[in-house]
Every structure is written in structure tokens, then in C-alpha cells.
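Working notes, structure below.
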Amino acid sequence: PDTEITVCSGATEGIAAVLLGLLNPGDEVILFEPFYDSYPACVAMAGASARFLPLQLPDFSVDWQALEALINAKTRAILVNTPGNPCGKVFSGEELAQLAALGQRHPHVLFITDEVYEHIVFAPAVHACLAAQPGMRERTLVISSFSKTLSMTGWKVGYVFAPAHLTAAVRASHQFLTFCSASPLQAALAEVMDRLPDYVAELSQEYLQRRDMWCSLLDQAALPYRVP
């Protein structure tokens, strides 16, 4: 925890700290479209450039040949949002394995994973972490957030997991952004950590009920949709 976990003021600040800490002017970051709106803004603030890869309808799949073609000597990182906002894309184990294989072919590329919705996943999809793939832990930065997990957006307590050499870069920028997230909120969250598994199971079930209700209403209205 002392060298690999950085607590941020929400995942959005974590994203900013990661991108500002790792990117230099002239670097490129690959973003999957559609994307969370802070990604290109933070890339731009770092003086870097975003390259965009649209996910393919109807199931938001990855065009692997197009992704490979986007990678060049300037590519610093690929940012993966799973489960995805706004489209709900959950990268499968096979897709994560393909990203890991891509990383082996391009050892200069880092991977940033935004996993703030990790606990709200509908079967048969299963959330998995890219950093758990063979060879990926040392080159992946994982971003998540208690604000999303506990439905407490205003608390603004997120975190970045990364190996020590990458954490140092994150902290170099985090130090001059918010410096630290509110200490009393961090202490409060530490008190409930052991109760999180039961809570998140209940939370995902509540979201599933809401999902099913909306799907039934769309069915009644005869409107086409993709089941999230």
C-alpha cells in the first residue's frame, strides 16, 4: 500500500493524475469510442494527442486490426474502460488476453484501466482486471472509486493501483492537483471495507432490477434496444 496505492479525489482526478504524470508533449493515447468525457481533456492538458478507435456495433467489439494500425512509436498508453461508460461494454476474458498479447508485441505501450463500475455487471458478463493477465501487472495502472462503488459521488474518494515505478509518476502530478482526498472520508471508508462484499452484491442486484424494468417498458413500447 505504501508504494502501489494512491488515494485520489475521485476516479476523475485519478485519471488526470495518471495522464498528467505519464504523458509528455508529443505522446499519443489510444481511446475507445464512446468514452468518458474527461479522457481527451486530460490528454490535451498533458500536451499529448488522443487517437480514437470506435467500438463496433452491435456489440461494441474491438476492431483488432485497426487497433494494431493505430500503434506507433509515439503511442504511450491505451486507455481501457471496463465496464464502460457510457455504452456498458464489458471486456471479456478473451479480449483482455488479446490486449495482453498486443502489449507483448509493443513493449513500450502502457495500459490504463478505468474500472469504476467493476461491481455493477449483469450476467453473463463478468468483470476481470487486465492487470491480472500474464505479464501485465508491471505495465498497467488500475483506476477505481469508492464514490461509484458506494453510490457516494460527492465523497470523491478514488484510487489508483500501479507498480511502484508508475505510482511515482502518478503521485508527482497528484501532489499538485488536489494533494489529498479528505482524510475523515478515507477513515470512514476504511471502517466499512470488510462489509463491502455483501453491499456490492446487493447493489448489483438492485441495478439488475432497474435494468429489467426498463427493458420491459421498452418491450411494451416496441422500441428496439440492446440489453445492457
Given (1) within 21 Å of Cys129 (Cα to Cα); (2) out of contact with any Ser or Thr (no Cβ under 6 Å at 6 or more places or on another chain); (3) among the hydrophobic types (A, V, I, L, M, F, W, C); (4) touching a residue at least 24 places away in the same chain (Cβ under 8 Å), identify the lone condition not met by Leu185. (1)
Select from region 166-181 the residues that are part of a loop (DSSP other than H, G, I, E, B) and either of a type in the set (Lys, Arg) or in contact (Cβ under 8 Å) with a residue 40 or more places away in the chain (or both) and list them in ascending order. Leu177, Thr178, Cys180, Ser181
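So that you can scan it fast, the table gives a plain yes or no per residue for (1) open to solvent by 20 Å² or more (accessible area, probe 1.4 Å); (2) out of contact with any Pro (no Cβ under 8 Å at 6 or more places or on another chain); (3) part of a loop (DSSP other than H, G, I, E, B); (4) within 19 Å of Glu68 (Cα to Cα):
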residue: Glu95; (1), (2), (3), (4): yes, yes, no, yes
residue: Gln98; (1), (2), (3), (4): yes, yes, no, yes
residue: Gln104; (1), (2), (3), (4): yes, yes, no, yes
residue: Pro107; (1), (2), (3), (4): yes, yes, yes, yes
residue: Phe111; (1), (2), (3), (4): no, yes, no, yes
residue: Ala125; (1), (2), (3), (4): yes, no, yes, no
residue: Ala128; (1), (2), (3), (4): yes, yes, yes, no
Among helices (runs of 4 or more DSSP H) lying entirely in region 1-74, which contain 2 or more residues that are open to solvent by 40 Å² or more (accessible area, probe 1.4 Å), modelled with pLDDT of 95 or more and among the aliphatic types (A, V, I, L, M)? 38-45
Might you check whether a residue that is over 22 Å from Pro163 (Cα atoms) and in contact (Cβ under 8 Å) with a residue 40 or more places away in the chain occurs anywhere in region 100-115? no
Scanning for something surrounded by 16 or more Cβ atoms within 10 Å (Cβ to Cβ), farther than 17 Å from Ser38 by Cα, in contact with a strand residue (DSSP E or B) (Cβ under 9 Å, 6 or more places away or on another chain) and without any contact (Cβ under 8 Å) to a residue 60 or more places away in the chain, does region 78-92 turn up at least one residue? yes
Condition set of a type in the set (Gly, Ala, Ser) and surrounded by 12 or more Cβ atoms within 10 Å (Cβ to Cβ), scope region 186-216, selection modelled with the lowest pLDDT: answer is Ser204
Condition met for Gly88 (touching a Pro at 6+ places or on another chain (Cβ under 6 Å), at positive phi and part of a loop (DSSP other than H, G, I, E, B)): yes
When Pro163 is evaluated against the numbered criteria (1) of a type outside the set (A, V, I, L, M); (2) at pLDDT 90 or above; (3) open to solvent by 40 Å² or more (accessible area, probe 1.4 Å), which criterion, by number, is the only one it fails? (3)
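The values are calculated or read from the model by the stated rules, or taken from the named source; none is laboratory data. All figures in this text were calculated on a predicted structure; none of them were measured in a lab. When we count neighbours, we look across all protein chains shown, and the Cβ atoms used for this are built from the backbone with ideal geometry, even at glycine. Calculation scope for accessible area: heavy atoms of the full protein, side chains included, ligands and nucleic acids excluded. Shrake-Rupley method; radii C 1.70, N 1.55, O 1.52, S 1.80 Å.
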